[in-house]
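K.L.:
Before anything else, here's the structure in question.
Every read-out reported here was derived from the displayed coordinates using simple, explicitly stated rules and does not represent laboratory data. Note that this is a predicted model, so its numbers are computed, not measured. Glycine gets a Cβ as well: all are built from the backbone with ideal geometry, and neighbour counts include every protein chain shown.
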Amino acid sequence: MAPTYDIEQLLLSQPSIRTVAGVDEVGRGAWAGPVTVCAVVTDLSEPPAGLTDSKQISEAKRGPLALELAGWAIGIGYGESTHHEIDTLGMTEALRRAARRALEALPVRPDAVILDGKHDYIGAPWPVRLEVKGDAASISVAAASVLAKVRRDAYMATIGCAEYGFAENAGYPSPAHQEALARLGPTPHHRLSWSYLDELPQWRHLKHHRDPLAGEGQETLFA
């Protein structure tokens, strides 16, 4: 089922809401690189053909679709939190900062936000409508999911570290990534607070132990 504007129109039916942004993130489950958030505002026009959740679109089609989306949306904002911020602040706060950067980068300030998922990591001052699988339900969120994915994948392909396969896996734990990590250790782009290092005795001493008050990062275990 293709995404629609049903959620946007429901929010816009409220007198206090005139502009709605769809927000999605990519990179939360990666072991290396930043987390990227995209915010998209549309004029409720028909989106480019084939728009849906980015995970359902092939890599070959995502790039051309992102170019179409860039010319179609009336507002696009990106925000990122680096692997250093993730290690220091925890994933929840890193996502919050990335989302705020994305929303503040929009040319228009939205009155409400549709956020993919079931946890509000954005918070005030934006009213947030949580939508599980929002990237499959909302056109604005679907556009944000595609644009965030293409942007982050392109960045990860530029940082080198060929042995780790970042150009192919974007920092996620593929077999090639895991093999290189066990053999060579973490790169300057890896998140060092995560529990995959617990599975690598020879590199465990590099683990970053974050202040518990800073929140929890994601604990992705070695396969």
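K.L.:
Let's test the formula: R0 of 25 Å, r as the Cβ-Cβ distance of K61 and A2. What FRET efficiency results, to the nearest 0.05?
P.N.:
For R0 = 25 Å, the calculated efficiency reads 0.95.
K.L.:
At R0 = 35 Å, how high is the FRET efficiency between L44 and A157 if r is their beta carbon distance? Nearest 0.05 is fine.
P.N.:
The calculated FRET efficiency here is 0.55.
K.L.:
Same structure, new question: By per-residue mean of other Cβ atoms within 10 Å, what is the highest-first order of 147-156, 96-105, 65-74?
P.N.:
147-156, 96-105, 65-74
K.L.:
Could you work out the local net charge near Q9, counting Lys and Arg as +1, Asp and Glu as -1, over the other residues with Cβ closer than 15 Å to its Cβ?
P.N.:
Net local charge, Q9 excluded: -4.
K.L.:
Hey, another quick one. Can you list the lysines whose alpha carbon sits under 30 Å from that of K61, skipping same-chain ones fewer than 8 residues off?
P.N.:
Cα-Cα hits under 30 Å: K118, K133, K149.
K.L.:
Using a Gaussian network model of the chain whose springs link C-alpha atoms within less than 10 Å, name the residue from P64, P15, P125 with the highest mean-square fluctuation.
P.N.:
Ranking P64, P15, P125 by mean-square fluctuation puts P15 first.
K.L.:
On to the next question. What shape does region 8-58 take by its C-alpha gyration tensor, where a ≥ b ≥ c are the square roots of the eigenvalues and a/c under 1.5 counts as rounded, a/b above b/c as prolate, and the rest as oblate?
P.N.:
Cα axes put region 8-58 in the oblate bin.
K.L.:
Testing the spin-label approximation: label points 7 Å from Cα along Cα→Cβ at H208 and T82. State their distance in nm.
P.N.:
0.9 nm
K.L.:
Measuring from the lowest to the highest alpha carbon on each principal axis, how far does the chain reach, largest first, in angstroms?
P.N.:
Cα spread of the chain along its principal axes, largest to smallest: 58, 41, 28 Å.
K.L.:
Considering amide H positions built from the backbone, and no H for Pro or chain starts, which residues 5 or more places from T187, or on another chain, come under 5 Å of its amide H?
P.N.:
none
K.L.:
Where Rh denotes the Kirkwood radius from the mean inverse Cα pair distance, what is Rg over Rh for region 150-195?
P.N.:
0.94
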